1. Just the residues that are in a helix (DSSP H, G or I), in contact (Cβ under 8 Å) with a residue 12 or more places away in the chain and either out of contact with any Leu (no Cβ under 6 Å at 6 or more places or on another chain) or over 11 Å from I136 (Cα atoms) (or both), please, taken from segment 158-174.
2. Could you list, in sequence order, all residues of segment 61-112 that are assigned to a helix (DSSP H, G or I) and hydrophobic (A, V, I, L, M, F, W, C)?
3. For T148, state whether it is over 14 Å from V49 (Cα atoms), hydroxyl-bearing (S, T, Y), surrounded by fewer than 20 Cβ atoms within 10 Å (Cβ to Cβ) and over 16 Å from the mean Cα position of the chain (by Cα).
4. Taking segment 123-132 only, how many residues are modelled with pLDDT of 95 or more and either part of a loop (DSSP other than H, G, I, E, B) or surrounded by fewer than 19 Cβ atoms within 10 Å (Cβ to Cβ) (or both)?
5. I'd like the full set of residues that are at pLDDT 95 or above and touching a helix residue (DSSP H, G or I) at 6+ places or on another chain (Cβ under 8 Å), limited to segment 108-122.
6. For N140, which of the numbered conditions (1) surrounded by 16 or more Cβ atoms within 10 Å (Cβ to Cβ); (2) more than 20 Å from Q24 (Cα to Cα); (3) more than 13 Å from the chain's Cα centre (by Cα); (4) at pLDDT 95 or above fails to hold?
Amino acid sequence: MKKMRIIALASAFLLQACATVSTQFYSLDAIAPPKSESHHADKKPLIGVTQITLPTILERKQIVTRDAYGKLLLSEQHQWAGLLKQNMTEVIANDFATAYPHFWFKAYPWSTLGMVDYRMVIDVTQLDITMGKSIILSANWTLLNEKTHAVIAHDNVVLEQVLVEDNYAHVVKAMNQLLAQFAQEVHFSQNFPF
């Protein structure tokens, strides 16, 4: 009888402990808002940033990290507030607008604006977060003429952001910095009209 009471108390304690753990939700944000330009604003070309593609393992609510041995870890207590690929697309479009103020940038979907002049396609091939170590981002990008579908520029960018802290809030901050750096690293070809 005493043993059953101890088991019941232990079970109640465990249930209460589990109930107090709340899920934290995170969202990425552009580092700096784009500067508004009033002169010739209506003549700026419009670049539509398509919804980026991510490795399948990252298309989930849980934040996916790796341990020191490369094992994947999915956190139930730390999740993205929305679709990571859409959030990243919006942030990258804003970061592009800051890096290239002579263009308009619109994240997918842009149908309310009508046709775009150019289309930016981004394929993230690697986004590895190792807690307390670093985030590695590798992405292919292509800039297309929307009317002719001709490739204007294409390249691959590989970046690494050191994680000096071992927590999810720091991971999100570091990802924001990494996406801003990605926008700075994308260089259009010489023949693209600026």
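1. Hits for segment 158-174 are Y168, A169, V171, V172.
2. Scanning segment 61-112 gives L84, M88, V91, I92, A93, F96, A97, A99.
3. Yes; evaluated as a whole, the condition is true for this residue.
4. Result for segment 123-132: 5.
5. M120, I122
6. The single condition N140 does not satisfy is (1).
The values are calculated or read from the model by the stated rules, or taken from the named source; none is laboratory data. Everything quoted here is computed from the prediction, not taken from an experiment. Don't worry about glycine lacking a Cβ; one is built from the backbone with ideal geometry, like all the others, and counts go over all protein chains shown.
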